[in-house]
Amino acid sequence: MTLGEMLAVLVAGLAAGAVNTVVGSGTLVTFPVLLATGLPPLTATVSNAIGMTPGSVSGAIGYRKDLPGRRILLYLAAGATLGGLTGATLLLALPAGAFDVIVPVLVALALVLVALQPVIARRLSRRAERRDGGKALFAGLTLASVYGGYFAAAQGIIYMALMGALLDEPAQRRNAVKNVLVAVVNTAASAVLLFHAHVAWPAVALLAAGSALGGQVGARLGRRLSPAALRLLILAVGTVALVQLLLR
């Protein structure tokens with residue numbers, strides 16, 4: 001990489017780390033930059049997954065005061081680990097472009113859930129069906145983690161949509177859980193990809209440095225947002241992500 005390309009990757013990592021911590025979809029910032037440096041799509045995907053892991057961990061640490069009880073966190077993290085390992089395995093086994101159709105559909109459905117979240121929450125609350133999410137939340141987040149281990153774009157938005165509909169927790173606490181799950185998925189996926197795919201280590205190092213700093217920046221900014229502002233930001237970023245995915 002040239003000096004200019006190295007700087008672009010570093011800045012993209014910083015921006016993506018902040019965006020991931022607050023909303024999600026940071027991969028839509030870093031992935032095009034990695035491709036622009038000349039990396040093949042698979043190498044870019046693998047390098048991005050490994051390089052953005054420190055940013056996910058950094059964001060989770062930044063939100064540590066908003067985390068719920070350890071029991072539900074470990075319960076959901078177990079599903080995220082399984083999903084991340086499965087998604088990374090699929091990335092290595094399936095032909096490129098296998099998820100090109102389903103990814104935009106998932107993102108679109110997640111945006112609808114986010115937009116309708118207040119209505120869904122009120123109705124489920126009246127029917128006493130909305131508590132800790134139970135098996136439905138575990139299954140949904142595990143499946144979302146499979147997608148995250150395969151290609152992480154808008155993964156955080158899908159998490160927030162599912163938790164907003166099924167989990168009785170404040171928005172910032174759900175965001176804290178989202179950051180932990182993203183960190184778990186990225187770590188699990190990286191453990192698989194690290195030994196079975198080509199990695200562009202200079203890009204990984206630049207993304208790691210940028211995303212770690214961006215994760216802290218995102219945590220400081222995100223924790224100041226009201227639930228309504230956070231939902232609007234998710235919808236805005238998610239819409240941009242959906243358009244970009246459809247135009248790929």
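The values are calculated or read from the model by the stated rules, or taken from the named source; none is laboratory data. This structure is a prediction, so every number in the text was calculated from the model and none was measured. Glycine also receives a Cβ, built like all others from the backbone with ideal geometry; neighbour counts cover every protein chain displayed. For accessibility, only protein heavy atoms count, side chains too; no ligands or nucleic acids. Shrake-Rupley method; radii C 1.70, N 1.55, O 1.52, S 1.80 Å.
Taking every full run of DSSP H in the chain, the ones that stretch at least 18 Å from end to end by Cα along their long axis and average 0.5 or higher on the Kyte-Doolittle scale are 3-22, 70-93, 102-115, 134-150, 171-193, 201-222, 227-247. The accessible-area ordering, largest first, of the residues Met160, Met6, Met1 stands as Met1, Met6, Met160, per a 1.4 angstrom probe. Shape analysis of region 30-90 yields a ratio of the Cα radius of gyration to the Kirkwood radius, Rg/Rh, of 1.09.
Here the extension length gained between Leu235 and Ala136 equals 33.3 nm, from 0.36 nm per residue of separation less the Cα-Cα distance. When the chain is treated as a GNM, springs tying every alpha-carbon pair under 10 Å, which of Ala203, Ala115, Ala176 comes out with the largest mean-square fluctuation? For the chain, modelled as a Gaussian network with Cα springs under 10 Å, the answer is Ala115. Judged by the mean number of other Cβ atoms found within 10 Å, the most tightly packed of the peptides 165-175, 36-46 leads the ranking 165-175, 36-46.
Measuring from label point to label point, each 7 Å out along Cα→Cβ, what is the Val11 to Arg220 span in nm? In this crude label model, Val11 to Arg220 measures out at 2.0 nm. Subtracting the Cα-Cα distance of Val105 and Leu35 from 0.36 nm times their residue separation leaves 22.8 nm of extension gain. Counting only Cα atoms, the size of region 1-104 along its three principal axes is 46, 31, 21 Å, in decreasing order. Springs between Cα atoms under 10 Å define the GNM used for the chain, and in it the highest mean-square fluctuation of Ala18, Ala77, Ala236 occurs at Ala236. All Cα-Cα separations within the chain were binned at 10 Å from zero, giving a P(r) of 8, 35, 39, 15, 3, 0, each value a whole percent of the pairs. Residues considered: Ala191, Ala212, Ala93. Largest GNM mean-square fluctuation over the chain, using C-alpha springs under 10 Å, is found at Ala93.
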